[in-house]
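Asker: Sharing a structure with you now.
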Amino acid sequence: MKLYTSDETFRGAHLVADKGRKTSVTIRRSTLLNLLMDHSRMVEFLERRGEQIEKGKPDGDDARSQS
């Protein structure tokens, strides 16, 4: 699967989000749009393969928060 977002850009966006101490962070509009398009493509890809997409935290995060 081809994605619009490079691994380097994805990791950079994570760093910005992780280091932000406020409730908002700033990233380029094009980066946000590419991340949104990638997310949509991945969801569509998984649904075509019979995966059910559920809203919520991934399994690993739920397990940690319940400990």
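The values are calculated or read from the model by the stated rules, or taken from the named source; none is laboratory data. Small disclaimer: the values here were computed from a predicted structure and weren't measured. Neighbour counts run over all protein chains shown; Cβ positions are idealised from the backbone, glycine included.
Asker: What pairs can you find where one residue is in the stretch 41-59 and hydrophobic (A, V, I, L, M, F, W, C), the other is modelled with pLDDT of 90 or more, and their Cβ atoms are less than 7 Å apart, with a gap of 6+ or different chains?
Answerer: Ile53/Val43; Ile53/Leu46; Ile53/Glu47
Asker: I've got another one for you. Quick check on my filter: what residues within the stretch 1-37 are exposed (fewer than 12 other Cβ atoms within 10 Å of the Cβ) and either in contact with a Cys (Cβ under 9 Å, 6 or more places away or on another chain) or hydroxyl-bearing (Ser, Thr, Tyr) (or both)?
Answerer: Those that are exposed (fewer than 12 other Cβ atoms within 10 Å of the Cβ) and either in contact with a Cys (Cβ under 9 Å, 6 or more places away or on another chain) or hydroxyl-bearing (Ser, Thr, Tyr) (or both): Ser6, Thr23, Ser24, Thr26, Ser30.
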